[in-house]
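The values are calculated or read from the model by the stated rules, or taken from the named source; none is laboratory data. Quick caveat: nothing in here was measured; it's all calculated off a predicted structure. Reconstructed Cβ throughout: ideal geometry from the backbone, glycine too, with neighbour counts over all protein chains shown. Surface accessibility is based on the protein's heavy atoms, side chains included, excluding ligands, DNA and RNA. Shrake-Rupley method; radii C 1.70, N 1.55, O 1.52, S 1.80 Å.
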Amino acid sequence: MLRRRPLDQPAEPARRLTVGRVTLEIAGGSVVGHRYPENFDLLHVDPELPLMAVADGMGDGEGSRVAGRTAVTTFVEQVRAGWPTVGAAGLRAATAETQLRVRRAGAALPGLTGCTLTALVAEPAGDQGWLVQLGDSRAYRLRDGLLELVTVDHTMAWLGAVHGWWPATSPEAARARYQLLRYVGHPDRPEPDLLAVPLRAGDTWLLCTDGVSDQLDYHRLRDLLAARRDLAGTATALLTATLDEGGEDNATAVVVRVHPTVPAPR
């Protein structure tokens, strides 16, 4: 069972949102874990638009809290302002404005003000979605039993793995996991990764912070996402599993199942 703490945001009953030819079933939640006294993750499941986002504040201070809150609030505001147009240009502009506001919010704060941001926005027709990512919060897709990591971690550890600088299980690789190369609030305002992805009926998507992906290995994630339980139960099972594995970080997850839209009877 999920061990509740006051700042946990357990998964609520899944909601359905029809977007053109598909219907998105969405559930998400967040837990503090056992290491930190507060939750510096942010979760957004929009009540009206096909828009989901997770953010993970860097560190455990005021800069972390301000960055996550400012980033999610600004990004959502920008996407809503541009709706129903969804595309690369608008999402880049939305992320640029998000970067600017996070930098401004942190100007008067000591220490680092920054966070990750990973979002999924569906186009109104439902044929395609857009992933927006800065940092190491991830997006996975489960299709026909195969779980794929769709995003790339913007960390020194990822570069080291790609270029063979050190073994993946080495102490160097472990330290490099926390060296973010791109994030919201970075002084150079790096551009996000933008990925256009098809939304196919039968797919399951997962957006999550590293409190999920660092603690649950590939096979555990795949099995939890593939289990045929209700979607809120799937989100809860993911979060509970992170606690069972030690709860070493705040953990946040949004699970999205893609269904065909059933035409209304005539």
For the structure I just gave you, tell me whether residue 88 is in contact (Cβ under 8 Å) with a residue 24 or more places away in the chain, of a type in the set (Gly, Ala, Ser), out of contact with any Gly (no Cβ under 8 Å at 6 or more places or on another chain) and loosely packed, with under 14 Cβ neighbours inside 10 Å. yes
Leading residue by the ranking (farthest from the chain's Cα centre (by Cα)) among those in the range 141-156 that are over 12 Å from residue 182 (Cβ atoms) and either basic (Lys, Arg) or surrounded by 22 or more Cβ atoms within 10 Å (Cβ to Cβ) (or both): 143
Matching entry among 64, 30 (being open to solvent by less than 30 Å² (accessible area, probe 1.4 Å), among the hydroxyl-bearing types (Ser, Thr, Tyr) and assigned to a strand (DSSP E or B)): 30
Being within 16 Å of residue 256 (Cα to Cα) and in contact with a helix residue (DSSP H, G or I) (Cβ under 8 Å, 6 or more places away or on another chain) narrows it down to one of 24, 49, 91, so name that one. 49
Strands (runs of 3 or more DSSP E) enclosed by the range 177-266 - at least 2 residues per element that are open to solvent by 10 Å² or more (accessible area, probe 1.4 Å) and touching a strand residue (DSSP E or B) at 6+ places or on another chain (Cβ under 8 Å): 193-198, 251-260
Which one of these does residue 99 not meet: (1) open to solvent by 40 Å² or more (accessible area, probe 1.4 Å); (2) part of a helix (DSSP H, G or I); (3) more than 24 Å from residue 224 (Cβ to Cβ)? (1)
Tell me which residues, restricted to the range 125-152, are in a loop (DSSP other than H, G, I, E, B), in contact with a Leu (Cβ under 8 Å, 6 or more places away or on another chain) and within 23 Å of residue 30 (Cα to Cα). 135, 136, 137, 150, 151
Would you mind telling me which numbered condition in (1) among the β-branched types (Val, Ile, Thr); (2) within 15 Å of the chain's Cα centre (by Cα); (3) surrounded by fewer than 20 Cβ atoms within 10 Å (Cβ to Cβ) residue 54 fails? (3)
Residues of the range 14-49 satisfying the condition of being within 20 Å of residue 81 (Cα to Cα) and within 14 Å of the chain's Cα centre (by Cα): 43, 44, 45, 46
Filtered residue count, the range 153-162, keeping only those that are in a helix (DSSP H, G or I) and either in contact with a strand residue (DSSP E or B) (Cβ under 9 Å, 6 or more places away or on another chain) or closer than 15 Å to residue 207 by Cβ (or both): 1
Counting just the residues of the range 1-55 that are of a type in the set (Asp, Glu) and at pLDDT 95 or above, which one comes out nearest to residue 241 (Cα to Cα)? 41
Can you tell me which of 220, 200, 189, 175 is within 20 Å of residue 72 (Cβ to Cβ) and over 17 Å from the mean Cα position of the chain (by Cα)? 189
For the range 109-140, give me each residue that is open to solvent by less than 50 Å² (accessible area, probe 1.4 Å) and on the phi > 0 side of the Ramachandran plot. 126, 135
Selection within the range 221-256 - touching a Leu at 6+ places or on another chain (Cβ under 6 Å) and among the basic types (Lys, Arg): 222
Cβ-Cβ distance below 7 Å, separation of 6 or more or different chains: which pairs start in the range 187-205 with a residue that is closer than 30 Å to residue 107 by Cα and end on one that is among the basic types (Lys, Arg) and modelled with pLDDT of 95 or more? 190/182; 191/92; 194/92
